[in-house]
Amino acid sequence: MIAVVFMFKRVHFWMLNARWHSTMQSVLPALLALVLTWGGEDFHPGFGLLAVFGVFLGHLAANLLDDYFDFYCQSPEAREKLLNEGQLARGMKCAYLTGGQTTPARLFGVAAFLCLALLLIGAYLVWQRGWPIALCAGVGAVLLFFYSAPPFRFSFHGLGEIVVGVIFGPIVMCGVAWSAAGSLPSEVWILSIPVGLLVMDILYVHSILDMNPDRQIHKNTLAILCGSPQKGLVPLAVILLGVYVSTIAAILLGKISPLFAVVFLSLPLAVALWRSMTAYAFHPEKKVVRRRWMGPMEYWDIFVEKGLDWFLFRWFLSRNLETAFCLLAIAAAVCFKTGLCR
């Protein structure tokens, strides 16, 4: 009994520090791909769900590896300086390492274990469904690893946002679809474009808010390459417009069902995010105002108390935007597949 309790605590510790709550950014696109392939002649729900689980494990591993490499690139003095300057969101990153709760070696070991489990899942799916799974898994694994790892360190050269958008959009959705159906329906790769842009949006918003601490560790994100939060609004506008323009174009061209127009119900969240980021760019001292219709924002009172509401409010908005879009798209796909709304 004691061993079970200890194991549960360790699993909870690593799940918490691997930021399991952020995995919805990848799991929801994976579930959307699974639903889009539902009902096909070769559809196999077991293979599809196994692929979704693999996406979940891969995201956890990527978060831990990101912490591992970030820990070594940021000195204790730099972290202390960020905390003294009030940059709690970045200064407290890897707090479980700096606080002595675990070691970098153990962290890397857990990440390696997750990668091994992911490799076994991938190998089984390749055996069952063929080489396209290997292509998706291989490209995704390389991009995720070198997102933070040298020598490429994509996140340090203005490519991190694009890389994550490509992985958790097209690569994840195409890989899950092929695992579930043994083929790639056109709706999957078409919808993977706006979904990938929304995942990219989450990371890009984060990088705008983290421009000062990123500069201190010489992390040249896309936002920093823009030069300032004000100039950074231009790519943000392109990303948000791209989500809805690509969707309406696919509907008008007959590539996806008109039912998918329901995703435009998420547009108020996109407008709220744009207005909030514009306010931050020109008036960063302005207080954020949370509305219930903006979606869940966990531990909100704690973040307000710690003075992190300005940061987390905008991160939550971008996350909730992607969540709403994917859930609405899943609902449209279910209606189309079952014929409820034809």
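Values quoted throughout were computed directly from the atomic coordinates according to the rules given, and no laboratory measurement underlies them. If you're wondering where the values come from, they're calculated on a predicted model, not measured in any experiment. In this analysis, Cβ positions are derived from the backbone assuming ideal geometry, glycine residues included, and neighbour counts consider all displayed protein chains.
With respect to the conditions (1) under 16 Å from V195 (Cβ atoms); (2) in contact with a Phe, Trp or Tyr (Cβ under 8 Å, 6 or more places away or on another chain); (3) not in a helix (DSSP H, G or I), M297 falls short on a single one, namely (1).
Just one residue in the set L225, L143, L240, L125 is in a helix (DSSP H, G or I), over 22 Å from F313 (Cβ atoms) and touching a Leu at 6+ places or on another chain (Cβ under 9 Å); that residue is L125. In the set V234, V205, only one residue is within 15 Å of G165 (Cβ to Cβ) and part of a helix (DSSP H, G or I); that residue is V205. With respect to being within 14 Å of the chain's Cα centre (by Cα), of a type outside the set (V, I, T), buried (at least 24 other Cβ atoms within 10 Å of the Cβ) and over 22 Å from M277 (Cβ atoms), M200 falls outside the description. Scanning segment 251-294 for residues that are in a helix (DSSP H, G or I), under 23 Å from F336 (Cβ atoms) and among the polar types (S, T, N, Q) gives a single hit, S266. For segment 301-342, taking the residues that are among the acidic types (D, E) and surrounded by 17 or more Cβ atoms within 10 Å (Cβ to Cβ), the one that is nearest to A33 (Cα to Cα) is identified as E322.
Residue count for segment 50-75, restricted to those that are touching a residue at least 60 places away in the same chain (Cβ under 8 Å) and over 18 Å from L107 (Cβ atoms): 6. Is it the case that some residue within segment 181-196 is in contact with a strand residue (DSSP E or B) (Cβ under 8 Å, 6 or more places away or on another chain), surrounded by fewer than 22 Cβ atoms within 10 Å (Cβ to Cβ) and not β-branched (V, I, T)? Checked segment 181-196: no residue is in contact with a strand residue (DSSP E or B) (Cβ under 8 Å, 6 or more places away or on another chain), surrounded by fewer than 22 Cβ atoms within 10 Å (Cβ to Cβ) and not β-branched (V, I, T).
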